[in-house]
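Accompanying notes for the structure given below.
The values are calculated or read from the model by the stated rules, or taken from the named source; none is laboratory data. These numbers come from a predicted model, not from an experiment. Cβ sites come from the backbone with ideal geometry, for glycine too, and all protein chains shown count toward neighbours. Each accessible area value is taken on the protein alone, full model and side chains, heavy atoms only, with ligands, DNA and RNA left out. Shrake-Rupley method; radii C 1.70, N 1.55, O 1.52, S 1.80 Å.
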Amino acid sequence: MAQGTIPATEHFWFLLDKGDRKFSRIRELPNFGRARNDADFQKAFKIYTQLWKLQQEHRQKLVEAGLKRWEIGEIASRIAQLYYFQYQRTSDSGNLLEAYVFYEAILTREYFRDSAAASGGSAPDPALANKQLRFFARFLIVCLVLGRRDMVSILANHLRTLVDESRRSFQVCLSSITRTRHLFVTNHLLNSIRMGEIACCLVVICNAELVFQEIEYKEWKHVVQEIIRFLKLDTSFMNMRPLRYSFVYDSHPDSLPVAASYNSRKGLVLRDAILSSYCHNEVKFAELTLDTFRMLQCLEWEPCGSFSLNIATDSNHNGMGPNRVNLLQDIRDSALPPNPHKRAFASTWYIKQDIGLNLSFTAISGFFYFGT
């Protein structure tokens, strides 16, 4: 059947299922190797771009067919994640900026907000709260790398508030289980075997859910502690000049000293770098340790954060579509060389570093490097 004759809703659900499979495949790929897996990225990106366009053009029909607001946010989040995955593989800051645009739109439009719980109409949805927590964590990473410290503070507060709300929901669930246990004891005393069995099953199910929610709460509480500790130790750098190249403080790239090459008249150019932490129990947020974060900043050419050109964070752009401000045009200087490709490892695990070296040598020289 031709695509034009397929109802928009059916085509949307078909693409959504196909996009899930493509996205899962990309997420499992390693984030090292320049220009690797570009075909997979392009296919997945094309699918999610089509999904975004379909939900814009047929929003009413899709909502009537069962599309939820958080599912729209999930599409935008997937697009942002694809951009960030590509930044990890190419170190092209354009992908990082595009990820920021989509994440900012999700935050502004509150796609993951639990409207029913906010209005007091029902208990908070744990699954939706978990999606929102993951969104905040991913957006935090992008803002940290971009140097958007104002947004980092906002997101960290949102994350802490949502985790506290999850704790209150956990206590409500605990009260519910206590009442269920009381029901079981009452039914047992009344010799109602059938009701007692039902109550026993409810207790087992609720206990399992309670344990799962408690584990999730502790994990997210640890994430909040990580970002607070990370920002506390990095505060001394906030009001200083940026670690990366800045047109305000640094000379033009052509006037900077270069390392001589033994077989070429041109100077050596840094194209690949492997960044690794070396301390046990180091300060980190997610997989980004404090020292690799600072090294990464030193290896970015494009200015960022409060030291960049005015990106107008309070502008009236809607975050997506042709009417939004072109961040790439505002922040990137075509006279600057491309960023060196970086591979950051959160530990000194030898095998991972050796694989990174191997891929770096392959990309540059076309031969394999074997570690000793």
Worksheet item: Just for region 1-54: of the residues that are more than 19 Å from ILE79 (Cα to Cα), open to solvent by 50 Å² or more (accessible area, probe 1.4 Å) and of a type outside the set (D, E, K, R), which one is modelled with the lowest pLDDT?
Response: MET1
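Each row is one residue, and each column tells you yes or no for (1) at pLDDT below 80; (2) in contact with a Phe, Trp or Tyr (Cβ under 6 Å, 6 or more places away or on another chain); (3) charged (D, E, K, R).
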position: LYS232; (1), (2), (3): no, no, yes
position: SER251; (1), (2), (3): yes, no, no
position: ARG265; (1), (2), (3): yes, no, yes
position: SER277; (1), (2), (3): yes, no, no
Response to the item:
Across (1) modelled with pLDDT of 90 or more; (2) open to solvent by less than 50 Å² (accessible area, probe 1.4 Å); (3) among the aliphatic types (A, V, I, L, M), VAL63 clears everything bar (2)
Discussion item. Looking at (1) within 23 Å of LYS22 (Cβ to Cβ); (2) touching a residue at least 40 places away in the same chain (Cβ under 8 Å), which one does GLU104 not meet, given that it meets all the others?
Written reply: (1)
Item to complete: Just give me the residues in region 195-230 being at pLDDT below 80 and either among the basic types (Lys, Arg) or under 21 Å from THR161 (Cβ atoms) (or both), in sequence order.
Response: GLN213, GLU214, ILE215
Fill in: Close pairs from region 84-96: first under 18 Å from ARG271 (Cβ atoms), partner open to solvent by 40 Å² or more (accessible area, probe 1.4 Å) and part of a helix (DSSP H, G or I), Cβ under 9 Å, at least 6 apart
GLN86/ASP38; GLN86/PHE45; ARG89/ASP38; THR90/ASP38; SER93/LEU328; GLY94/LEU328; ASN95/TYR84; ASN95/GLN88
Worksheet item: When region 142-154 is examined, which residues are found to be closer than 16 Å to ARG229 by Cβ and either crowded, with 23+ Cβ neighbours inside 10 Å or modelled with pLDDT of 95 or more (or both)?
Response: LEU144, VAL152
Response to the item:
Listed by range, helices (runs of 4 or more DSSP H) wholly within region 59-165 having at least 2 residues that are among the acidic types (Asp, Glu) are 69-90, 93-109
